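Here the structure is laid out as C-alpha cells; the discussion comes afterwards.
Just so it is clear, none of the values below were taken in a lab; they were calculated from the coordinates. Everything numeric here is computed off the predicted structure, so don't read it as measured data. No Cβ is skipped: glycine too gets one built from the backbone with ideal geometry, and neighbour counts run over all protein chains shown.
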Ligand SMILES: [Zn+2]
C-alpha cells in the first residue's frame, strides 16, 4: 500500500532587533553567559515588561509578506510552566488573540513543477527562554570559568526575552520533502525581509512538526505525533522521513499510533519519545495583565512602549500597517520574475540567483557594471557559488566585490585575459581580496596577442618536431592539439588561444 | 510641639524655615523607632545611614537657600514589597528574606527627587496577602491603639508607623484594601489611587491588574501632597496612564464644594459592627448638614465582589509568584538532588500558608476545564461591577461606605478562619476590581476606643474630588 504523510509545522524565528522584546538588553549571539541581562529579563521581583516596537514592526512585515491579516486587536498571554531557564515561571506569548491569522507560502514541487500553497494558521509574537547548559554538553564546558561538577546544570539567560515570531501552518504538506521546501521558502522570505538570520544551527530558526500518515486516497486523518529538536534543514527531512517510516511500520504490522511528543536525535539518527512527565503540561494561559492590548488604529499602534534605554524612549505611536507594507522589499518570487524579464536569463538562473537576497543583490550590482547579464549569471552560479561553498562563507563575507568581478569580466572581453586565466585570477581574488589588476600585475599574467611573437614561437615548435608535422600533413589531424599544447608551454599559457589556432592552421597547411 | 505629631506639610515648613534641622529631626524619629518597634513590629529594616545622609543634604540645601523638593525632610516609611536599591526587600516572606534588589522602584526615585527621607521598610502580610499583617514571616505588627489588636493589612507596618508617629508618611500597596483597611483600623488616612496613576515598576507583584501603590498619612493634605509626587506616567509600566503629575495640595485651596453623595444600600445592615455603622451614619448626617445631597443607591453586583476578587487576584498571584523557585535568588532549600524536588522543597519551606492557599486557588481557577467557569466568569463579573459604578457616577460625585465592617480585631482571632478574614475586605475590593480611586479617613472611634474608617470612592482619575470631599469632612468631623 502507498502512504502519504500529513505534516504541519510550527516555526520559531528570532527577530533581528537590536534589543530584546520587553527590555533594552542586546540580543547579539555568542556573548558571555548572562552578560546580556537586566532585572527585567531576569524576572527579578517587581519588574515589568515594555513591548519593543521594532519587534512588532518586524512581525507585521512577515505577516504582510505572506499575505496574512493583522488583527486590529491582539493580546499577550502568559504561558505558565516551571523550568530553570524560564526566570519568571511563565513565557509571555500570544494565545487566543494572536497578531495575525491566515496567509500562505507557495512552494514548487521539483518533479512536477507544480505550485502548491502552504496555508498559515497564524503568526504571533513571543519571548524566547534562556538556555540550560548541562555538564555533558560541549557548550557547557566551553563557557567561562565557572566551577563545574558532573551532573551540574548552569543557566544562561542571554536568550531570555529575545523576540520570536511563531509561524503555524495548516497540515498542508504531504511529504517530508514538501516540509523542507516550505521551510526553505520561509527562510528565504525572512532573509529578504532582513528580520531573521534564518540560521537553524544557531537556533535563530527552529521548527517543530506534527506528523501523521494515511494510505493514499484515504480521507480520514491518522493519529499525529509531534516531532521536536530538529536543528538543521537536513535534520528536518531526515527526522520526518524517519517518523513517516516508523508510523507506516506500525500501521502495517497492525499496531496503533500513540499521540506523543518525540525528539530527534541527530547523532544516532533516530527518534525517541519525550518523557511523559515533561510533556504533561497544563500551561494555564491567561491574559498578561502587565501589558495592554496591542491595537492597530488607522494611523497608529497602541500598546507599545519605548525601549528601556534612554535614547530609544520614543513616542508610543508609530506608523500604520499600510506604511509598513510600503516599506516591504521586493520578495523572492517578484524578484525572480523581474530577473527573467529584465536580464533575459533562463528561469533556472533566475531561481538560483534569487534564493538569497544578498546573492541577488550581488548579481544585480555586477550586471550594473558589466551588462552581459548571462555571462555574469554563469560566473555567479559557477565560480562565485563554488568559492562560497569551498570557503564555507556567505555572500556578505565574500572578498570579491561585485564591481571587481565586473572588471575581471571586462578584461576577458578585451582579450587581456583568457577565460582560463580569469578563473585563476578569480580564485586568487577570493583568497586575498586583492583587485584583479593587482594580481595580473604581480604575476605578469598578460595574455600575448602579438601575432609576430606567437608566429615565431610556432615556427620554432614546428622546427623542433618535424615528425609530428609529417603526421599532420599525412592526414592525422589529431596532432593539432599537440602543437597547441607545445605553444602554450613555451608561452607559459599566456598566448591567446584563438590567435594560436589561426596561425598554426595557416603554417601547417602551407 | 512634638515632631512625631506633625503632618508632613507642617514638618517641611519647619525645616524650610530652619526651625528644626532635618538631620536632628530624622535622628529623633530613628530613636523613637528603636524604642517602640520592639512592641509594634512596624519596621522590618531601618535605612538609618542613608536617611541621615539624605537629611544632611536637605540641611545643606536649607542653609544654602536652595530650592527644596516637595517632600523635603519628611521621614517616609516604605512597605517592604517596594524595591529600594541595595536594601533588603522581603515582602514579609521567608522565600525573599535575603533578596536585595539592584534597582529602585519608580515611586522610590520620585520620593528621592523630592528630597524625601526614606527611613525604613515596613512589615506586611506575606506578599501583601492578608488583612491583619499576621501572615508576615517576621511576626505581626501591633495596633498602637491596643497592642492586642491587629493593625489590619496588608500594609499594617506602614499604617502603624504613621499612627504611632514613627514615620510622618508611608507608602503602602492596595490590591483589595491593603492601604484603606489598615488605615481605618489604625486611624490614619489611606488612599488607593486610580489604577494606572502610580507606576507599579518596582512593586513586587501580587495581582498585577489590581495592585496600586498609595499614601498612608496623618491627614488628607499629606495624602494629596504625597499622591501628587508619586503619580504620573512611567514608560517602564505599560499599564501606566498617560497623565502628568499634578499639585493636588493646591487644589485643596478651593475645597468648599457641594457634593452629590451616593450611599449604597448593600453596604449597610447585617455584617457590620454596630459602632461602625453608627459612625458612618453620623458622617452621612454631617454631609446633609453641609448641604450635600445624599441619596441611597444600589450596587447590585457588590455581593459578588469578594468571590470575583479571590478568583482574579489568586489567578494572577499564582503566576506572579512562580518566579520564586530557588534557582536565581531568594531562599533555596538545601539538599535537593532533583529539579522537581528543589521546586517543591523551596516553595514548600519558603512560602507561608496563606500564600500557598492562594497559589493553589489561583492555579485551580486557571486550569484546563475550569478556566471558563472561574477565571472567565470572574472577568465578566468584574466588568459588571465596573458598570455598577459607572452608572452611579453618572449622577453622583462620590460613593460613601464603611472602609471595614469591623474595628481592629484581636490578634489570632481570625487567622485560622480565612473566609471570615476575607470578609474584612468586603467594602474595599470593589474599588480595585473597578480600578477607581478610594480613600479611607478616620470618622470616630468605637466604644472601646478603636478607630473607625469612612471610605469615599469616586470615578477614575477623580482623586481631586476625593481629596476635596475628604478634606471638608476631615475639617468638620474634628469639631
Ligand atoms: Zn534585559
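Here the contact order of the range A:451-509, divided by its residue count and restricted to Cα pairs under 8 Å and six or more residues apart, works out to 43 percent.
Give me a single rounded figure for B:232-238: the average over its residues of other chain Cβ atoms within 10 Å of their Cβ.
On the way: counts 0, 0, 3, 8, 10, 6, 15.
Neighbouring Cβ atoms belonging to other protein chains average 6 per residue here.
Across chain A, the relative contact order, built from alpha-carbon pairs under 8 Å that are at least six residues apart, equals 14 percent.
Shielding value for A:75-86 is 3, the average number of Cβ atoms from other chains within 10 Å of each residue's Cβ.
Calculate, in nm to one decimal, what residue B:395 and residue B:34 gain on full extension: separation in residues at 0.36 nm each, minus their alpha carbon distance. Display every interim value, and only then the final one.
Details: separation 361, 0.36 × 361 = 129.96 nm, distance 5.03 nm.
Here the segment from residue B:395 to residue B:34 would lengthen by 124.9 nm.
Dimensions of the range A:451-509 from C-alpha coordinates, computed as largest minus smallest value along each principal axis and given longest first, are 29, 19, 17 Å.
Could you run the Debye sum over the Cα atoms of the range A:3-207, one equal point scatterer each and no solvent, and tell me log10 of I(q)/I(0) at q = 0.09, 0.14, 0.18 Å⁻¹, two decimals? The computed values of log10 I(q)/I(0) come out as -0.39, -0.87, -1.24. Counting every other Cβ atom within 10 Å of each residue's Cβ, A:463, A:206, B:200, B:85 order from fewest to most as A:463, B:85, A:206, B:200. Cα centroids of the range B:370-414 and the range A:63-85: 32 Å apart.
Rounded if a/c is under 1.5, else prolate if a/b beats b/c, else oblate: with a ≥ b ≥ c from the C-alpha gyration tensor eigenvalues square-rooted, which is the range B:197-270? Oblate shape, in that a/c is at least 1.5 and b/c is the bigger or equal ratio.
For the range B:23-138, what is the convex hull volume of the alpha-carbon atoms per residue, in Å³?
Working: hull volume 11.4 nm³, N = 116.
Taking the convex hull of the Cα positions in the range B:23-138, it is 98 Å³ per residue.
What does the C-alpha gyration tensor say about the overall shape of the protein assembly as shown? Classify as rounded when a/c is under 1.5, otherwise prolate if a/b is larger than b/c, or oblate.
prolate
Looking at chain B alone, DSSP beta bridges between its own residues are antiparallel in about 65 percent of cases. Using the alpha-carbon atoms, what tilt in degrees (0 to 90, nearest 10) does helix A:332-343 show relative to the longest principal axis of chain A? Helix A:332-343 sits at roughly 20 degrees to that axis.
Structural descriptor for chain B: relative contact order 17 percent, calculated from alpha carbon pairs under 8 angstrom and at least 6 residues apart.
In whole Å, what is the distance between the alpha-carbon centres of the range B:3-63 and the range B:452-478? Taking the Cα centre of the range B:452-478 as reference, the centre of the range B:3-63 is 28 Å away. Counting only alpha carbon atoms, the long axis of helix A:497-509 and the longest principal axis of chain A meet at about 30°.
Partner shielding of B:321-327 amounts to 6, given as the average count of beta-carbon atoms from other chains within 10 Å of each residue beta-carbon.
For the range A:411-489, what does the alpha-carbon gyration tensor say about shape, rounded, prolate or oblate, given a ≥ b ≥ c as the root eigenvalues, a/c under 1.5 as rounded, and a/b over b/c as prolate? The partial results should precede the final answer.
Details: a/c = 3.32, a/b = 2.54, b/c = 1.31.
It is prolate, given that a/c is not under 1.5 and a/b is the larger ratio.
Can you give the log10 of the normalised intensity I(q)/I(0) at q = 0.30 Å⁻¹, computed with Debye over equal Cα scatterers of the range B:238-299? Evaluating at q = 0.30 Å⁻¹ gives log10 I(q)/I(0) of -1.25.
Taking every alpha-carbon pair in the range A:332-443 and binning the separations at 10 Å intervals from zero gives 14, 49, 30, 6, 0 percent. Note on the range A:153-217 and the range B:285-332: Cα centroid distance 43 Å, given to the nearest whole angstrom. Arranged from fewest to most other beta-carbon atoms within 10 Å of their beta carbon, B:100, A:499, A:384 become B:100, A:499, A:384. Between residue A:501 and residue B:372, the simple spin-label model (points 7 angstrom out along Cα→Cβ) gives 8.1 nm. Return one number: the angle in degrees, 0 to 90 and rounded to the nearest 10, between the long axis of the Cα atoms of helix A:53-65 and the longest principal axis of the Cα atoms of chain A. Approximately 60 degrees, to the nearest 10. Note: chain A, Cα convex hull, 241 Å³ per residue.
Sort A:491, A:432 so that the residue with the fewest other Cβ atoms within 10 Å of its own Cβ comes first and the one with the most comes last.
Values: A:491 16, A:432 13.
With the sparsest Cβ surroundings first, the list reads A:432, A:491.
Panel values: chain B, Kirkwood radius from alpha carbon pairs, Stokes-Einstein at 10 °C and 1.306 mPa s, translational diffusion coefficient 72 µm²/s.
How big is the antiparallel share of DSSP beta bridges in the protein assembly as shown, given as a percent to the nearest 5?
Numbers: 84 of 103 bridges.
Approximately 80 percent, going by the DSSP bridge assignments.
Label sites at residue A:443 and residue B:334, each approximated as a point 7 angstrom past Cα along Cα to Cβ, lie 7.2 nm apart.
Where does each of B:330-338, A:178-186, B:384-392 land if you order them by average Cβ count within 10 Å, highest first? Write down the numbers at each step before the final one.
Numbers: B:330-338: 13.3, A:178-186: 21.8, B:384-392: 18.1.
Packing proxy ranking, top to bottom: A:178-186, B:384-392, B:330-338.
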